[in-house]
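Chemist: Take this structure, written in C-alpha cells, and hold onto it; I'll ask about it next.
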2 protein chains.
Amino acid sequence: MTNRKIALIGAGSIAWGATLIRDLSDTQDLKGSTVVLMDVNQERLSLMYRLAKRYVQEVKSDIRVEHTSDRREAIRDADFVINTAMHGGHQYYEKMRSISEEYGYYRGINSVEWNMVSDYHTIWGYHQFKLALEIARDVEDWAPNAWLLQVANPVFELTTLIGRETKAKVIGLCSEAYSYKSVAKMLGLEGEVQAKMIGVNHDAWLVEFKHGGEDAYPLLDDWISKNYQRHVESYFQRSREEPLNVYLSPVAFDMYRNYGLFPVGDVVRSGTWKYHWDFGTKRRWYGEYGGFDSELGWMEYLRRHEEVTNLLVRAVDSQSPLSPLLRGGGGGEKDVVVPVIDSIANDKGEVHTVNVLNLGALQGVGDDVAVEIPAKVDAKGVHRGSYSLPKRVLNLAIRPRVQRMEVALEAFLEGGRQPLFDWLISDPRTDSVRQVEGVIDALLSIPENSELAKHFR
Amino acid sequence: MTNRKIALIGAGSIAWGATLIRDLSDTQDLKGSTVVLMDVNQERLSLMYRLAKRYVQEVKSDIRVEHTSDRREAIRDADFVINTAMHGGHQYYEKMRSISEEYGYYRGINSVEWNMVSDYHTIWGYHQFKLALEIARDVEDWAPNAWLLQVANPVFELTTLIGRETKAKVIGLCSEAYSYKSVAKMLGLEGEVQAKMIGVNHDAWLVEFKHGGEDAYPLLDDWISKNYQRHVESYFQRSREEPLNVYLSPVAFDMYRNYGLFPVGDVVRSGTWKYHWDFGTKRRWYGEYGGFDSELGWMEYLRRHEEVTNLLVRAVDSQSPLSPLLRGGGGGEKDVVVPVIDSIANDKGEVHTVNVLNLGALQGVGDDVAVEIPAKVDAKGVHRGSYSLPKRVLNLAIRPRVQRMEVALEAFLEGGRQPLFDWLISDPRTDSVRQVEGVIDALLSIPENSELAKHFR
C-alpha cells in the first residue's frame with residue numbers, strides 16, 4: 001500500500017532527515033508517500049525542505065515532500081509520525097553538565113550506572129519528556145490511527161511514558177538494533193548471521209547469535225581465546241582515529257565475561273562506574289579519547305555531527321549532486337525506521353528490533369516497561385513473542401536501569417524536589433547532603449530552567 | 001481446633017522463645033498444642049526447655065513442651081513451623097561490619113539505602129539465606145501441609161526466596177506490624193484506631209489511619225503544626241534514656257513530609273543516606289545515641305538484648321516466678337506470631353499484617369516479591385486484597401528496596417563475584433574500584449567465610 005503520509009517532527013535535524021529521505025527513496029513499496037517535514041526552527045526546516053526536494057528530484061524518487069512549522073498540521077491524518085525532536089539542543093544539556101561538574105558530578109547528574117550516554121537525558125529531561133508527551137497527545141487527537149515512531153532519546157523513558165500515559169500506538173526505534181553486525185564482522189563470519197538482542201534500549205544483550213543455523217557463541221569464545229590480546233592492542237591503536245567506535249572496546253569483553261552475554265549497541269557506552277569514574281578510567285577502558293562519552297569523545301562526536309550537518313547545508317545550495325554525500329559513511333545502509341514503516345504499511349511481517357511496552361513478553365520485567373525485543377511487525381503492529389534473559393543480566397544490568405527510568409518518570413510526572421534529591425543521595429559521586437542540595441539549586445537557578453524550578457519545587 | 005504441633009526452629013533465642021510460650025499460654029483456642037523447641041545449641045535449648053516447662057506449670061497452661069536438636073524431628077508433621085534461627089549470631093556480622101569499615105563502608109557493606117537496620121543481613125546473608133532455605137526444604141519434605149512462619153530476618157528477602165524457590169506455605173511475620181499504635185498514642189487518640197500499613201517488610205507506610213471511622217491524617221497534620229517543635233525537643237531529651245525508640249524521631253516526620261505517608265515500623269531506621277552518612281548525621285536525626293543502628297545505638301541494643309536473656313537464664317534456676325518477667329516491658333502485649341497461628345488454626349479470619357508473595361495484590365510490585373500487607377488470615381491461609389501505594393512512596397522508597405532484594409537473591413542463588421562488585425560499585429561510600437575489590441577480598445578471606453569465598457569466586 002502506498003500514498004502514506006509520514007510526518008517527521010524535528011526535521012531540522014538535517015543529518016537524520018536526509019537519511020530518512022534517502023531510505024524512503026530507496027524503498028520501492030513506499031513510493032507515492034508524502035513526507036511532511038516539521039520543525040519550529042524555520043531556517044533549518046527550510047534548509048531540510050530544499051535538501052529533500054533536491055534529493056528526490058536527483059534520484060527521481062516518487063516521494064512528495066511538504067513542510068510546515070505547525071505541528072498539528074504535520075500530524076493530522078498522518079499514517080506515521082516520526083519524533084526526532086530534541087528540546088533545547090545539545091548546548092542546554094552541556095550547560096547543565098558543566099554546572100553538575102562544578103559540584104563534583106563528573107559528566108553530569110544525568111550520567112549514572114547503565115546510562116552514561118551523553119545525550120540520553122533522563123532525570124534532567126523535563127523539557128524533552130514534556131515535548132514528546134505533547135507530540136503523543138497530538139497524535140492521539142489528530143491522527144489516532146497513526147504509528148508514532150519514537151526516535152528521539154531517551155527512547156526507553158519516552159516509549160514507556162507515552163505507552164503508559166497515552167493511547168498513541170508508539171514504537172521506539174534505535175539504530176543500535178544493527179550493531180551485532182560488528183561482532184559478526186570481527187569473527188569474519190560470512191553469509192547469514194542471525195542475531196537477537198533483548199533488553200531495554202541502550203541496555204540490550206546478544207541473546208541469540210547464530211551463523212549458518214548454528215550457535216556462534218563458541219566461535220566467539222574461540223576467537224577471544226586466540227585473538228583478544230592482539231585485538232586490544234589494535235583497538236587502542238585505532239582509538240585515536242576512531243574515538244566513537246567503542247563497540248568492541250575492552251568494556252564489551254569485560255561485560256561479556258561478567259554478565260555472560262555479549263553486550264550489543266550502546267550498552268557498551270554505559271555499564272557501571274567501573275568504566276567511568278573519571279577521564280583516566282574511561283581512557284584505560286575505551287582508549288585515547290576516553291570513549292564516546294568522555295569530555296573529549298563527546299566533543300568529538302558533536303564536532304563530527306556538526307561537520308556532517310554543515311556539509312549537507314553547504315551542499316544544498318551547491319551544484320554538486322547530493323547522492324554521494326547521503327550514501328557515504330555507513331555505505332548507504334538503511335536506518336531502522338523506514339524498514340519498520342515499510343513492514344507495517346505493506347503488512348510484510350518482517351522481524352525488527354523494536355521498543356514497545358512489555359505486556360508480559362520479557363520475563364522479570366514489568367508489563368508497563370518498554371522493552372527492546374526482536375518482533376514481527378506488520379499492518380496490525382508489533383507481535384510480541386516470549387523472551388527471557390539470564391538472571392545475571394536481568395538482575396545486575398536491566399533492573400537497575402529500569403529503576404532509574406521509574407525515578408525519571410516520577411520526577412517528570414509528579415514533580416517536587418524529592419525525586420532529584422533521592423536520585424543524587426545514593427550516587428557514588430555524592431559525599432554530603434550539602435552537595436546534593438547545592439547542585440539541585442544551581443541547576444534550577446539557570447534561566448533555561450525556570451519552568452523546572454517550579455516543577456521541582 | 002486444638003492439639004496442634006508447633007515447631008520453633010532457633011529456640012535458643014531465649015527472649016523470643018519465652019514470648020512464644022507466654023503468648024501460646026494466653027491463647028485459649030490453642031490449648032492442647034504441643035510446642036517442639038529446636039536448636040543446634042544444646043545448652044541454650046535445654047535452658048529454653050526448662051524455662052518453658054516452668055512457665056507452663058506456673059500459669060497452668062495446657063501447652064505441651066518438647067525439645068530436640070534434630071530439626072527434621074521438630075518439623076515432621078508439624079502444623080506450624082516458626083523459623084527464628086539466625087546463623088552465626090551477632091558476632092559474625094559485627095566482624096564483617098568492622099572489616100567493611102576499615103575499607104570506608106560505615107556500618108558495613110550490607111547497610112544501604114532503605115536497609116540501614118543492623119541485623120537485617122542481605123548481601124552478606126549467605127549463611128542465613130542457606131539456612132532458611134534448608135528449613136523450608138525440610139518443611140516441604142516433612143510437613144508439606146505446615147505453615148512456615150518466617151520470623152528470622154531478613155524477612156523480606158527470605159519470604160521472597162522461600163516463596164519463589166519452594167512449595168512451603170510461607171508467611172513472613174514482623175512485630176513492626178503494631179507500630180502504628182505509637183502514632184495513635186502520640187495524638188492521644190482513645191478508642192478504636194484502624195490502621196493499614198503497606199509496603200515490604202521494614203519499608204511499610206501508613207496507608208490508612210482512621211479514628212472512629214474518620215481519616216485521622218488531618219489530626220496528625222494538625223498535631224504536627226501545633227506540637228512538632230515541642231515534640232522534637234522532648235524527643236532529643238529522652239533520646240539518651242530511650243536510644244532505641246526512634247519511631248517518632250525527626251526522621252519519621254521528614255519522611256512523612258517528603259514521601260507523603262507516615263512511615264511505620266522499622267522503615268524509620270532506614271531511608272536514604274540523608275540520615276546516615278556518619279555518626280554525626282545519625283545523631284542530628286535520631287538523638288544522643290545516633291539511633292538504633294549507629295555504632296552506639298546498636299551496641300546498646302545488643303547489650304539490652306543480652307541483659308533480658310541473662311535475666312531469663314538466671315530466673316530459670318531461681319525460685320522466683322517467671323510471670324512478672326515475661327509480662328514486663330511491652331505490658332505483655334502479644335507478638336504477632338501466635339495471633340496469626342490462632343487465626344489459621346481456628347479459622348478465625350482475622351486481619352493481620354503479613355508478608356506473602358504479592359501475586360498481583362500490590363500495584364506496581366512484581367508478582368513474585370513478598371509484600372507486607374494487611375490481609376484476612378484463616379484456615380485456607382492469607383486472602384490478599386487489592387492494594388496501592390502513592391507513586392512517590394512506590395517509586396522512591398519501595399522500588400529501590402526491591403532492587404536491593406533482587407541483587408541479594410542473585411548473589412545467593414547464582415554466586416560469583418559480580419553481584420558483590422555491582423552492589424558496591426554504585427555505593428555512595430565507594431571512591432574507587434580498588435576499594436571495592438579490597439573490601440570483597442578482605443571479607444571473603446576470614447575463616448568464617450571460607451564457604452562464601454567459594455560461592456562468590
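The values are calculated or read from the model by the stated rules, or taken from the named source; none is laboratory data. Keep in mind it's a predicted model, so treat the numbers as computed, not measured. Reconstructed Cβ throughout: ideal geometry from the backbone, glycine too, with neighbour counts over all protein chains shown. Side chains included, ligands, DNA and RNA excluded: accessible areas come from the protein's heavy atoms. Shrake-Rupley method; radii C 1.70, N 1.55, O 1.52, S 1.80 Å.
Chemist: When segment B:410-429 is examined, which residues are found to be more than 7 Å from chain A (Cβ to nearest Cβ) and open to solvent by less than 20 Å² (accessible area, probe 1.4 Å)?
Modeler: If the condition is that a residue be more than 7 Å from chain A (Cβ to nearest Cβ) and open to solvent by less than 20 Å² (accessible area, probe 1.4 Å), then B:411, B:415, B:416, B:420, B:421, B:423, B:424 are the ones that fit.
Chemist: Something else now. Please pick out the residue among A:135, A:162 that is among the hydrophobic types (A, V, I, L, M, F, W, C) and without any contact (Cβ under 8 Å) to a residue 60 or more places away in the chain.
Modeler: Just a single option satisfies the conditions, and that option is A:162.
Chemist: If you check residue A:102 against the conditions, is it touching a helix residue (DSSP H, G or I) at 6+ places or on another chain (Cβ under 9 Å), of a type in the set (Asp, Glu) and either farther than 21 Å from residue A:337 by Cα or free of Cβ contacts under 8 Å to residues at least 12 places away in the same chain (or both)?
Modeler: Yes.
Chemist: From the list A:165, A:176, A:190, which residue is farther than 15 Å from residue A:137 by Cβ and surrounded by fewer than 20 Cβ atoms within 10 Å (Cβ to Cβ)? Can you show your working first?
Modeler: On the way: A:165 fails: farther than 15 Å from residue A:137 by Cβ; A:176 fails: surrounded by fewer than 20 Cβ atoms within 10 Å (Cβ to Cβ).
Of A:165, A:176, A:190, the one residue that is farther than 15 Å from residue A:137 by Cβ and surrounded by fewer than 20 Cβ atoms within 10 Å (Cβ to Cβ) is A:190.
Chemist: Considering only strands (runs of 3 or more DSSP E) fully contained in segment A:16-104, which possess at least 3 residues that are open to solvent by less than 50 Å² (accessible area, probe 1.4 Å)?
Modeler: A:34-38, A:80-83
Chemist: Being part of a helix (DSSP H, G or I), within 14 Å of chain A (Cβ to nearest Cβ) and either farther than 21 Å from residue B:188 by Cα or open to solvent by 10 Å² or more (accessible area, probe 1.4 Å) (or both) narrows it down to one residue among B:277, B:285, B:298; which is it? Walk me through how you get there before you give the answer.
Modeler: Numbers: B:277 fails: part of a helix (DSSP H, G or I); B:298 fails: within 14 Å of chain A (Cβ to nearest Cβ).
Only one candidate passes the filter, namely B:285.
Chemist: Are any residues in segment B:193-238 open to solvent by 70 Å² or more (accessible area, probe 1.4 Å) and within 16 Å of residue B:176 (Cα to Cα), and if so, which ones?
Modeler: B:194, B:196
Chemist: Determine whether segment A:321-333 contains at least one residue that is modelled with pLDDT of 95 or more and either exposed (fewer than 15 other Cβ atoms within 10 Å of the Cβ) or out of contact with any strand residue (DSSP E or B) (no Cβ under 8 Å at 6 or more places or on another chain) (or both).
Modeler: No, the conditions are met nowhere in segment A:321-333.
Chemist: Moving to a separate point now. Only one of A:440, A:446, A:398 is within 14 Å of chain B (Cβ to nearest Cβ), over 22 Å from the mean Cα position of the chain (by Cα) and modelled with pLDDT of 95 or more. Can you tell me which?
Modeler: Working: A:446 fails: within 14 Å of chain B (Cβ to nearest Cβ); A:398 fails: over 22 Å from the mean Cα position of the chain (by Cα).
That would be A:440, the only listed residue that is within 14 Å of chain B (Cβ to nearest Cβ), over 22 Å from the mean Cα position of the chain (by Cα) and modelled with pLDDT of 95 or more.
Chemist: Something else now. Of the conditions (1) away from chain B (no Cβ under 13 Å); (2) open to solvent by less than 30 Å² (accessible area, probe 1.4 Å), residue A:451 clears all except one; give me its number.
Modeler: Just one mismatch for residue A:451, condition (2).
Chemist: Based on this model, can you work out whether residue B:400 counts as open to solvent by less than 20 Å² (accessible area, probe 1.4 Å) and touching a residue at least 24 places away in the same chain (Cβ under 8 Å)? Full working, then the answer.
Modeler: Working: open to solvent by less than 20 Å² (accessible area, probe 1.4 Å): no; touching a residue at least 24 places away in the same chain (Cβ under 8 Å): yes.
So residue B:400 does not fit the description; no.
Chemist: Which residues, counting only those in segment A:83-121, are within 24 Å of residue A:432 (Cβ to Cβ) and β-branched (Val, Ile, Thr)?
Modeler: Within segment A:83-121, A:99, A:109, A:112 meet the criteria.
Chemist: Out of the residues in segment B:239-257 meeting the condition of being free of Cβ contacts under 8 Å to residues at least 40 places away in the same chain and either among the aromatic types (Phe, Trp, Tyr) or open to solvent by 20 Å² or more (accessible area, probe 1.4 Å) (or both), tell me which one is farthest from residue B:300 (Cα to Cα).
Modeler: If we take residues in segment B:239-257 being free of Cβ contacts under 8 Å to residues at least 40 places away in the same chain and either among the aromatic types (Phe, Trp, Tyr) or open to solvent by 20 Å² or more (accessible area, probe 1.4 Å) (or both), then B:257 is farthest from residue B:300 (Cα to Cα).
Chemist: Restricting attention to segment A:334-351, which residues are crowded, with 19+ Cβ neighbours inside 10 Å, farther than 16 Å from residue A:17 by Cα and not aliphatic (A, V, I, L, M)?
Modeler: A:342, A:343
Chemist: If I filter segment A:381-396 down to residues being of a type in the set (Lys, Arg) and open to solvent by 60 Å² or more (accessible area, probe 1.4 Å), which single residue comes out as nearest to residue B:420 (Cα to Cα)?
Modeler: It comes out as A:391.
Chemist: Then there is this: Does residue A:182 satisfy the criteria of being polar (S, T, N, Q), modelled with pLDDT under 95 and surrounded by fewer than 18 Cβ atoms within 10 Å (Cβ to Cβ)?
Modeler: yes
Chemist: If you don't mind, there's one more thing I want to ask. Keeping to segment A:352-365, report how many residues are open to solvent by 30 Å² or more (accessible area, probe 1.4 Å) and over 19 Å from residue A:169 (Cα atoms).
Modeler: Selection size over segment A:352-365: 2.
Chemist: Moving to a separate point now. So how many residues does segment A:254-273 have that are under 9 Å from residue A:115 (Cα atoms), more than 10 Å from chain B (Cβ to nearest Cβ) and part of a loop (DSSP other than H, G, I, E, B)?
Modeler: Number of matching residues: 1.
Chemist: I've got another one for you. Counting only residues that are part of a loop (DSSP other than H, G, I, E, B) and either hydroxyl-bearing (Ser, Thr, Tyr) or in contact (Cβ under 8 Å) with a residue 24 or more places away in the chain (or both), how many does segment A:320-347 have?
Modeler: Within segment A:320-347, residues that are part of a loop (DSSP other than H, G, I, E, B) and either hydroxyl-bearing (Ser, Thr, Tyr) or in contact (Cβ under 8 Å) with a residue 24 or more places away in the chain (or both) number 10.
Chemist: Moving to a separate point now. For the condition within 11 Å of chain A (Cβ to nearest Cβ) and open to solvent by less than 20 Å² (accessible area, probe 1.4 Å), what is the one hit in B:407, B:377, B:371, B:433?
Modeler: B:407 is the lone residue from the list that is within 11 Å of chain A (Cβ to nearest Cβ) and open to solvent by less than 20 Å² (accessible area, probe 1.4 Å).
Chemist: Exactly one of (1) more than 22 Å from the chain's Cα centre (by Cα); (2) within 13 Å of residue A:201 (Cβ to Cβ) is unmet by residue A:355. Its number?
Modeler: Only one criterion is unmet by residue A:355, namely (1).
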